[in-house]
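To start, the structure itself, in structure tokens.
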Amino acid sequence: MIKGWIDRLIKLPGKQSFFLFGPRQTGKSSLIEHRYQRTIWQLGLLATDLFLKYSKDPALFRKEASEKIKIDGIRTIFVDEIQRVPLLLNEIQSLMGEFSCQFILTGSSARKLKRGGANLLAGRAVQKYLFPFIYEEIKTHFQLEEVLAFGSLPPVIGKTRMEKIDILSTYANTYLREEIQSEGIVRNLGGFSRFLDLAAGQSGELVSFSAVARECQLPIRTVQSYYEILEDTLIGFRLEAWRKSLRKRLVAHPKFYLFDLGVTNAINRRLTAAVHSELKGRLFEQFIILETFRMIHYAGSEARIYFWRTNHGAEVDLLIERHGKLLCACEIKATPHISGAHLSGLRAFREAFPKTPCYIICTTENVYELERVKIIPWQRFLEQLKVII
């Protein structure tokens, strides 16, 4: 059991208002309560009474907030799950014009705000994202095998094996299926459940919308919209294929990754299964991709990540690019023993991009070189990410 507060790497504004988005149970509310301990008024819109109260009369929030600011000296107002009542954002903008008060607005889904034409406060509030724990946050008690099996959502850290299984099973079966439907995002829950099973099973593989549509017995456009739902609800993200031409990049098949390894395994019903070598390789690749994706967000970097693949099937798992320049190309292998056979993708890549540094990220203990490719332990790579990006 881990005791005490685990500090998060994310940088949050001191006085400026901001949105903090992140999947459920990534610790958004706990983080805000820990870091903003000054005079604060907190509202949670998951509570049915508050949801109904402000849905019926959004202007009531402005009246109550005005009284809190003027009479009680409140200087920070924290509204959790703001996407449930988007009309409150109009009242918040009005309050911003009248008072010098900080607004902290958290949500587990940006879909209703971004696609519903909600008021995003016209630049008056920055947007931040919170993810499950990353290696740097929990490295003093980090166990790779445990994270590959159960992920790094805050509720599972420090729990027993059975407790982790219960938490993740509930997350997959209750939130991802039932709550997405309850918010009115999808109407065909059976079709979405089939799609979610397939998307989790193919996490990290090339996505063919037509093949997924055939498998799920759904229209292609519906499958595309379901992937968009997973992105908007922060349950996953797509990794685009690198092309010099932006037009070609847009038509190439992407890969898709779910946001947490434990959730991926829960949807695939393999939380109690032994992790064989092929599955471990896929999970380890997803782990490195997720860590890189999260670190780029936390560092405020303009870097972006891609994968690389030729028409002949040569592939490199991870490219990091910034301002049009490729910073590195990485193959990801869940083995301590690297041989020439592991370099085939990087060899093909280096013919096209000979000046880009190439790495193999693996479970070796020491750094060394093989055919001008740096073989690097995964811990060392993650520690160097801030420098790379």
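What follows draws every value from the coordinates through simple rules; no lab data is involved. These numbers were taken from a predicted model, which means no experiment stands behind them. Because the Cβ atoms are built from the backbone with ideal geometry, glycine has one as well, and the counts that use them run over all protein chains shown.
For the listed peptides 273-284, 228-239, 201-212, a ranking on the average number of other beta carbons within 10 Å per residue, highest first, reads 228-239, 201-212, 273-284. Restriction of the chymotrypsin sites (Phe, Trp or Tyr not before Pro) in region 1-50 to DSSP coil positions whose beta-carbon has at most 16 other beta-carbons within 10 angstrom yields TRP5.
Straight-line cross-link partners of LYS56 among the lysines, defined as a Cα under 28 Å from its Cα and at least 8 positions apart when in the same chain: LYS28, LYS68, LYS70, LYS112, LYS114.
Dividing the convex hull volume of the alpha carbon atoms of region 18-129 by its residue count gives 98 Å³ per residue. When you filter the GluC sites (Glu not before Pro) in region 338-389 for DSSP loop state and at most 13 other Cβ atoms inside 10 Å of their Cβ, you are left with GLU365, GLU371. Would you list, by chain and number, the lysines whose Cα falls below 20 Å from the Cα of LYS355, excluding same-chain residues fewer than 8 positions away? List returned: LYS244, LYS325, LYS374. Volume of the convex hull of region 64-107 (Cα atoms only), normalised per residue: 61 Å³.
Among the GluC sites (Glu not before Pro) in region 2-70, none sits in a DSSP loop with a Cβ that has at most 10 other Cβ atoms within 10 Å.
Straight-line cross-link reach from LYS139 at under 13 Å between alpha-carbon atoms covers these aspartates and glutamates, not counting any fewer than eight positions away in the same chain: ASP7, GLU291, GLU383. Overall dimensions of the chain, expressed as equivalent-ellipsoid semi-axes from the Cα gyration tensor (√(5λ), whole Å, largest first), are 38, 24, 22. What percentage of all Cα-Cα pairs in region 224-368 are separated by more than 18 Å? The answer is 62 percent, as a whole percent. P(r) of region 154-275 in 10 Å steps, Cα pairs, percent per bin? Reading upward from the zero bin: 12, 41, 31, 13, 2. Across LYS56, LYS68, LYS244, mean-square fluctuation computed from a Gaussian network of the chain (C-alpha pairs under 10 Å connected) peaks at LYS244.
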